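Working notes, beginning with the structure itself.
The values are calculated or read from the model by the stated rules, or taken from the named source; none is laboratory data. Here the structure is a predicted model, which means the values were calculated and not measured. Using ideal geometry, Cβ is built from the backbone for each residue, glycine included, and neighbour counts are taken over all protein chains shown. Protein only, heavy atoms only, side chains kept; ligands, DNA and RNA dropped before computing areas. Shrake-Rupley method; radii C 1.70, N 1.55, O 1.52, S 1.80 Å.
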Amino acid sequence: MAARLSFDERCMISAMVEVDASAEEIANQLGRCPSTIRRELKQVGGSDCYRADDAQEEADVRARRPKVPKMVTDRHLAEGVGDRLEMGWSPHAISADLRNQDRPLRVSAETIYQACYDPRGGRGLPVGSWKQLPRRRRRRKPRSRCEQAKRNPLGGIRPIGDRPQAASGRTEPGHWEGDLIIGAKHRSAVATLTERVTRHTLLVSLTNGYTAPETAQAVTRAFSRVPQTLRKTLTWDQGREMSDWKTVKTETDMKVYFCDPRSPWQRPSNEHTNGMIRRWLPKSTNLNIGEIPLSIIENHLNLMPRRLHNWQSPYDLYNQLTSNHH
């Protein structure tokens, strides 16, 4: 469905309003949202005034680009914005205040920002109006995704989409998922590593903190317990604790991949394991409990029979693999 109403649709609206059809009836006939029809009728003064030709002409005018900036055509609006900028108000506060007046003036905060930073002063405000903004930044912060990617502290990472099919499909062992569980007041953490085929889990103590170097060192030390043949890939989320992932890659000879932002479901085995770990280490508890208690919890997890393994334990399956690779 096209985003904009076509002339044929406007002719249908004109015909139906003449027989007093409701906006809901017109919307059902056109396969449109009722709010679209109500907005279309309101823009031309209501159903009594609606004519398809006039409505199409107004729509064409609104769609023309480039448009004359709003504060260029409305000096009263520009003065209202300028007065409030001098008072030190933010563009969002200005937009809200103008909208809530007895005679509302509508202008978005983004329009005000663009006018403040226009180097030619062609959007209705004087050149240099950015100096009246609360933060007085000479340039706007970049908002594009590509700029955000440049600031990624992880650097040039491998996305999960590049991970081998054997890892994604669980057709061979040796592919791991990792994450941190965080303790009370974010003052402690434990790294968790889960093998995707067997669900065998390693719990890694981070008693010295979970900065990037500390995490990399602890994860590397944990993988020293794993045979080289079962160290193929590691998948992590885009947390800053893994900024030193290149050290992990070099020391373990594993390829490291990263999930998409805010996509924990891309590490399903590890996420499920973390949920089980919370039975012993509830949220808002201190996780600096030492290596021996963590080893006990690790054994409980790995010795627990699992339905997905026909009630064999991760320990049984992992032991079979390690014995085959010695």
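Couple of notes before you dig in:
- If you go through region 258-275 and keep only what is surrounded by 18 or more Cβ atoms within 10 Å (Cβ to Cβ) and within 18 Å of the chain's Cα centre (by Cα), you end up with Phe258, Cys259, Gln266, Arg267.
- Residue-level analysis places Ser47 among those that are touching a residue at least 24 places away in the same chain (Cβ under 8 Å), farther than 30 Å from Val127 by Cα and either out of contact with any strand residue (DSSP E or B) (no Cβ under 9 Å at 6 or more places or on another chain) or open to solvent by less than 40 Å² (accessible area, probe 1.4 Å) (or both).
- Hits in region 67-123 - residues which are within 16 Å of Leu133 (Cβ to Cβ), touching a Lys or Arg at 6+ places or on another chain (Cβ under 7 Å) and of a type in the set (D, E, K, R): Asp97
- Residues within region 79-110 that are over 19 Å from Pro69 (Cα atoms) and touching a Phe, Trp or Tyr at 6+ places or on another chain (Cβ under 8 Å), tallied: 1
- Pair list, Cβ under 7 Å, 6 or more apart: region 113-124 residue over 12 Å from Gly82 (Cβ atoms), other residue open to solvent by 50 Å² or more (accessible area, probe 1.4 Å) and at pLDDT below 90: Tyr113/Arg140; Tyr117/Arg140
- Hits in region 160-184 - residues which are out of contact with any helix residue (DSSP H, G or I) (no Cβ under 6 Å at 6 or more places or on another chain) and either within 11 Å of Val197 (Cβ to Cβ) or acidic (Asp, Glu) (or both): Asp162, Ala166, Ala167, Gly169, Arg170, Thr171, Trp176
- Against the conditions (1) more than 36 Å from the chain's Cα centre (by Cα); (2) among the hydroxyl-bearing types (Ser, Thr, Tyr); (3) open to solvent by less than 40 Å² (accessible area, probe 1.4 Å), Ser95 satisfies every one except (1).
- Every residue from region 98-109 that is touching a helix residue (DSSP H, G or I) at 6+ places or on another chain (Cβ under 8 Å) and over 13 Å from Gly82 (Cβ atoms): Pro104, Arg106, Ser108, Ala109
- Count of residues meeting criterion [open to solvent by 30 Å² or more (accessible area, probe 1.4 Å) and of a type in the set (Val, Ile, Thr)] in region 71-92: 2
- Helices (runs of 4 or more DSSP H) wholly inside region 128-246 that include at least 3 residues being touching a residue at least 12 places away in the same chain (Cβ under 8 Å) and open to solvent by 30 Å² or more (accessible area, probe 1.4 Å): 212-223
- Residue in region 260-271 that is out of contact with any Pro (no Cβ under 6 Å at 6 or more places or on another chain), among the aromatic types (Phe, Trp, Tyr), modelled with pLDDT of 95 or more and within 17 Å of Arg196 (Cα to Cα) present: no
- Only residues that are aliphatic (A, V, I, L, M) and more than 26 Å from Leu303 (Cα to Cα) were counted in region 255-279, giving 1.
- Restricted to region 1-41, and to residues there that are under 27 Å from Arg64 (Cβ atoms), aliphatic (A, V, I, L, M) and open to solvent by 60 Å² or more (accessible area, probe 1.4 Å), the residue that is modelled with the lowest pLDDT is Met1.
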